[in-house]
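Right, one structure below, let's go through it.
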Amino acid sequence: MALSNKRLSIIKVVFSLSFFAFLLAVYFFASGQPVVSAPVLGALDYPATHGVNRRLAVWMAAQMHLWFAAFVLAVPILVLILEFIGVIKKDKRYDRVACEFLRVSITAFSLTAITGALLLLSLIVFYPQLMKYLASIFGPTALFYALFFLFESATLYAYYYGWGRMSEGSLKWVHLLIGLGLNTAGTGLMFVANAWVTFMMTPAGVDVSGVFNGNLWEAVNNHLWSPMNLHRFIANIAYGGSIVGAYAAYRYLSAANEKERAHYDWMGYTSSLIAIGALLPLPFAGYWLTAEIYSYSQQMGITLMGGVFAWLFIVQAVLIGALFLAANYYLWCGFGRGSYGERYLGYVKYIAFVIAICFLVWFTPHTLILTPTEARALGGQYHPYLGPLGLMPAKNTAVNIMLLFTFLSFLLYRRSHRTPTVAWAAYGKAAQAGLFTAAVINITFLGVYYGYFTNTLYKVASSVPQVATTLFVIVACLVIEAFMLRGAERTEFRWGRMPGRSQYALLLIAVSFTWLMGLMGFVRSAIRQHWHVYGVMRDASAEAFTPSIAYAAKVVSIGTIIFMSIIVFIFWLSSAGREASDE
Amino acid sequence: MKTVLAFIISIAGFGALFFIIDVILLNAQGLSFIFRG
């Protein structure tokens, strides 16, 4: 009975994915006729909406589709990594958790396809001219999109359904290979869709009036395509990890016995580790993306970082700061899992202090919203002492130091169940401390000197060596740690001993990620301002104005609540399915 | 005492290494492989 239900649900998923792909391919091929130039639109080129806010409808559909798509693209990556680790370590726990991760994501696959179809339909209905123009350039890419979709559906079926049958010997490697195929198709899909989105921001292969030169690769490989691919790929892993972490927290809090609690504690730790691990290099991909925006159009870059949208970066700072505090708090609670954890508890207050200071610097705004009386009292628009902290160099410095100290929490956590016994352990620890100190000095020097005492070119460029320093510390410390902990005294982690409140930190991380993606996704899209395709095809609809930040925040927040409610429903479905199959 | 010495030497050694990385990455040519502009 359980098998037929499983088969039925996967058939539904395959059907809905294929339906969406078919719909998209048919539309793109049918409308992919050559267009001489980008149409100059008037208000009458947009069909009547009968009271429906066209922008809001497309916004909501796109946002929901992106959240689900990020989730279903990321989870198979996590699953493949965990399955592979399980094979290498010969540890069945990884395999069990990987399979459970995949089951959680299965329902989300259908919802991804449904929201994708909704997005496509709303775009065709509300913005037909734009879709016609995009299809005239990107028509052939729809073939790749459809093929990737069909391949993804087929491999998903084989990967999920064949888990039990291909669990041993050489068949396990075949199973891993199918998983690799699933991920390749999923990533390929995202790359194709990214080409359409980034073309709208930084069009290439067309002249100023939008006449396409026929070189499709040029249009695909526009300024933002590669950085967007990288940024979304890494961010999706972080996001998938956070959502699965929330699932583990949900199951931990409702666990019926110690064994179940230990299982979900381990699952929560593993997924949050992947989420935070992917979050660490994300700023680097973000810098690259932003640098390419500036490189394409300084005006667009200034709209992004220096105009009204700058306030959303303050909101971003608050959310990411909260996310880092939650991640650190979870790690500190985790000290209790190890036998030696208590000896590191004394360091927590210092790490918390540094992270809190960095957090405060990060969300210090540059321009303040002041009444004339307040401005007079302040002596100008900027605060005399705190004003410099509102600039990017201060924030870059704070972010990198925050990343370093989060990594320090992780290092201490790893030591909470191990004591190094090699003769040079004291020197190894001294070298690690020296590495951290040198890195903090270097990051601060780069931020202060190049940020405030040299020209603007270096102000932006100095963020690259800052991130390089942080990444170097992480890699070098882990190498030293690996050698130092050879033959270390170790005790087993006592899984399932985490306080209940630590699990709320995992839930907070998932909500913060979702909210962040929505808010920053709005900024990325909104910097096109009144253009469908930036500088080429003008938006003449009644909704072509930039909404206020308060309005955008409300839309994204409502979207977050709807999405998280659906996710909780999926968690419940997944738990119910598991209980039914256990019985 | 030796541990303190190791700590100081590490700061100096890694500090020098970071300085070299900074110089390479802050050089416009060094950055050109990342940024198009």
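Any read-out appearing in this document is the output of simple, stated calculations on the displayed coordinates, not a laboratory observation. The structure displayed is predicted, hence computed values, not measured ones. Cβ coordinates were reconstructed from backbone atoms using ideal geometry, including for glycine residues, and neighbour counts include every protein chain displayed.
Given a cut-off of under 8 Å on Cα pairs at least six residues apart, what relative contact order in percent is computed for segment A:41-113? Can you show the working numbers first?
Details: 40 pairs, mean separation 25.5, N = 73.
Dividing the mean separation by the residue count of segment A:41-113 yields 35 percent.
Between A:VAL568 and A:GLN298, the contour length at 0.36 nm per residue exceeds the Cα-Cα span by 93.0 nm.
Convex hull volume per residue, computed on the Cα atoms of segment A:505-583, equals 124 Å³. The overall shape of segment A:407-536 is oblate: from the C-alpha gyration tensor, with semi-axes ordered a ≥ b ≥ c, the ratio a/c is 1.5 or greater and a/b is no larger than b/c.
Placing unit charges on the Cβ atoms of the charged side chains and taking the dipole of chain A about its Cα centre, the candidate lying farthest along the positive direction among A:VAL568, A:TYR344, A:PHE212 is A:TYR344.
Based on the Cβ-Cβ distance from A:ILE85 to A:THR184, what FRET efficiency comes out when R0 is 22 Å, to the nearest 0.05? Let's see the in-between values first.
On the way: r = 19 Å, r/R0 = 0.88.
Rounded to the nearest 0.05, the efficiency is 0.70.
For segment A:74-229, the fraction of C-alpha pairs more than 18 angstrom apart is 64%.
Taken residue by residue and averaged, Cβ atoms of other chains lying within 10 Å of the Cβ of B:1-13 number 5.
For A:TYR385 and A:LEU177, what does the FRET efficiency come to when R0 = 45 Å and r is the distance between their Cβ atoms, rounded to the nearest 0.05?
Numbers: r = 59 Å, r/R0 = 1.32.
Efficiency computed from Cβ-Cβ geometry: 0.15.
Calculate the FRET efficiency for A:TYR161 and A:SER557 from the Cβ-Cβ distance with a Förster distance of 35 Å, rounded to the nearest 0.05.
Numbers: r = 38 Å, r/R0 = 1.10.
With a Förster radius of 35 Å, E is 0.35.
Its Kirkwood hydrodynamic radius, worked out from the mean inverse distance over all distinct Cα pairs, puts the protein assembly as shown at 26.2 Å.
Counts of other chain beta carbons within 10 angstrom of each beta carbon in peptide B:15-24 average 5. For segment A:50-117, the square roots of the Cα gyration tensor eigenvalues, ordered a ≥ b ≥ c, give a/c of at least 1.5 with a/b greater than b/c, which places it in the prolate category. Near A:LYS259, which aspartates and glutamates are there with a Cα under 20 Å away, not counting those fewer than 8 places off in the same chain? Leaving aside aspartates and glutamates fewer than 8 places away in the same chain, those within reach of A:LYS259 are A:ASP91, A:ASP95, A:GLU100, A:GLU492, A:GLU579, A:ASP582, A:GLU583.
For A:ARG93, A:ARG524, which order do you get if you count the other beta carbons within 10 Å of each Cβ and list the fewest first?
Details: A:ARG93 16, A:ARG524 20.
Ranked by crowding around the Cβ, least crowded first: A:ARG93, A:ARG524.
Between A:ARG93 and A:VAL348, the modelled labels are 2.2 nm apart [label points 7 Å from Cα along Cα→Cβ].
Listed by chain and number, the lysines whose C-alpha is less than 23 Å from the C-alpha of A:LYS172, apart from same-chain residues fewer than 8 away, are A:LYS6, A:LYS89, A:LYS90, A:LYS92.
Derived from the Cα gyration tensor, the three semi-axes of the equivalent ellipsoid of segment A:116-204 are 35, 13, 9 Å, largest first. Placing unit charges on the Cβ atoms of the charged side chains and taking the dipole of the protein assembly as shown about its Cα centre, the candidate lying farthest along the positive direction among A:ILE549, A:LEU156, A:ALA98 is A:ALA98.
Based on Cβ point charges of +1 for Lys and Arg and -1 for Asp and Glu, what charge dipole magnitude is obtained for the protein assembly as shown about its Cα centre, in debye rounded to the nearest 20? Could you put the intermediate results ahead of the total?
Details: 40 positive and 24 negative charges, 233 e Å.
Taking the Cα centre of the protein assembly as shown as origin, the dipole is about 1120 debye.
Counting other Cβ atoms within 10 Å, keep those with at most 10, restrict to DSSP loop, and tell me which trypsin sites (Lys or Arg not before Pro) in segment A:445-516 are left. Intermediate values should be presented prior to the final figure.
Working: sites: A:LYS459, A:ARG486, A:ARG490, A:ARG494, A:ARG497, A:ARG501; in loops: A:ARG486, A:ARG494, A:ARG497.
Filter output for segment A:445-516: A:ARG486.
Order A:503-513, A:185-195 from most to least packed using the mean count of other Cβ atoms within 10 Å. Mind showing how you got there, number by number?
Working: A:503-513: 22.9, A:185-195: 20.5.
So the order, starting with the most tightly packed, is A:503-513, A:185-195.
What value, in deg cm²/dmol to 500, does the helix sum -39500 (n - 2.57) over DSSP H runs of n ≥ 4 give at 222 nm once divided by the residues of chain A? Don't jump to the answer; show the numbers that get you there.
Numbers: 20 runs with 429 residues, N = 583.
Mean residue ellipticity, 222 nm, calculated: -25500 deg cm²/dmol.
Highest mean packing first, where packing is the average number of other Cβ atoms within 10 Å per residue, the peptides A:167-178, A:440-451 line up as A:440-451, A:167-178. Once the convex hull of the alpha carbons of segment A:80-145 is built, what does its volume come to per residue, in cubic angstrom? In segment A:80-145, the Cα hull volume divided by residue count equals 98 Å³. Enter the Cα centre distance for the pair segment A:60-120 and segment A:422-459, rounded to the nearest angstrom. The two parts, judged by their Cα centres, are 38 Å apart. Extension gain for the segment A:THR454 to A:GLU543, taken as residue separation times 0.36 nm less the Cα-Cα distance, is 27.8 nm to one decimal.
Our summary gives chain A a relative contact order of 18 percent, counting only alpha carbon pairs under 8 angstrom and 6 or more residues apart.
Here's the picture: charge each Lys and Arg Cβ at +1 and each Asp and Glu Cβ at -1 in the protein assembly as shown, and of A:MET402, A:VAL197, A:GLY390 the one pushed furthest to the positive end of that dipole is A:MET402.
Taking other Cβ atoms within 10 Å as a rough exposure proxy, A:TYR269, A:TYR344, A:TYR161, A:TYR452 sort from fewest to most as A:TYR452, A:TYR161, A:TYR344, A:TYR269. Take each residue of peptide A:421-434, count the partner chain Cβ atoms within 10 Å of its Cβ, and average: the result is 4. Extension gain for A:ALA576 to A:ALA482 (0.36 nm times residue separation, less C-alpha to C-alpha distance): 29.7 nm.
The charge dipole of segment A:363-484, taken about the Cα centre with unit charges on the Cβ atoms of Lys, Arg (+1) and Asp, Glu (-1), comes to about 200 debye, rounded to the nearest 20. Ranked for footprinting exposure by Cβ neighbours inside 10 Å, fewest first, A:THR198, A:THR367, A:THR155 give A:THR367, A:THR155, A:THR198.
Based on every Cα atom in segment A:191-241, Rg and the maximum pairwise Cα distance Dmax equal 12.7, 43 Å.
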